[in-house]
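Please read the structure below before turning to the comments.
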Amino acid sequence: MKQRELLRRAVDAELVPRDLEARVRTGLGQGSTAQWGRLLSSIAMLVMVLGGMQFYAMQKTHTLQRVGLDDHLHCAIAGEYPHQTEKAVMVQDLGPYAPMLQPILDLSPGDPVVSAHRCTVSGRTYVHVILRRGTTLVSVILTRRRDKEAFPGTLATLVSHGNSAHLHEGEMGAYSVAGFEAGAYLGYVVSALPDQQNSELAGRVAPVIRRYTGA
């Protein structure tokens, strides 16, 4: 009897609070809310970092695409290229880059060659082959890379064409520009053709240039 009496008094004294379950649930809810808050904060930070990286990559790509566009505008569009009439003269003007000419022409049947030469624009040396598709001039360009000149990998501009080099494509004003790395060089195909046609030609030409440069 004495033990039963002690047990009854202990229960009556509410040694375990009646609202214990509610308190536990509230604590768990607060912990879960805090965890979700930290997770959302981390996700927001990640989105900001990725957005910054993407913005930088797009700016870098635009700057490098401009390298090819400048030569196209200066030579092809402004008509500053040598108006050659014989392939032998083109081969001579290309110098050590001459072996690259015929494979490029083989990949663009029906697009006659207008000029093949070496030129300098704004202190930069280019190897420049100009083709004509209909009334549109198409430039196939090669220039030696300078320090830290490398296309960044971005989902927006990176396109793979089979076994060819990766192309970094974009439209700059009225022109389509497809750029790619070729070992110690940067390569380009630039024209006023629709972006898809320009990229298709670049996808064929890029492996030839990369093989020539040993990339």
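FYI, it's all coordinate maths here, none of it is from the lab. All values reported here derive from a predicted model rather than from experimental measurement. Positions of Cβ are backbone-derived with ideal geometry, glycine not excepted, and every protein chain shown enters the neighbour counts.
Numerical summary
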| item | result |
| --- | --- |
| Selection from Ser191, Val67, Gln84, by position along the positive dipole direction of region 57-213 (Cβ) | Val67 |
| Shape category assigned to region 57-213 from the gyration tensor of Cα positions, a/c cut at 1.5 | rounded |
| Footprinting exposure proxy for Phe151, Phe180 (fewest neighbouring C-beta atoms within 10 Å first) | Phe151, Phe180 |
| Taking Ile209, Ile130 and counting other C-beta atoms within 10 Å, the order from fewest to most | Ile130, Ile209 |
| Formal net charge of residues neighbouring Pro112 (Cβ-Cβ distance under 12 Å; K, R +1; D, E -1) | +2 |
| Lys, Arg +1 and Asp, Glu -1 on Cβ, resulting dipole of region 57-213 about Cα centre, debye, nearest 20 | 340 debye |
| Footprinting exposure proxy for Cys119, Cys75 (fewest neighbouring C-beta atoms within 10 Å first) | Cys119, Cys75 |
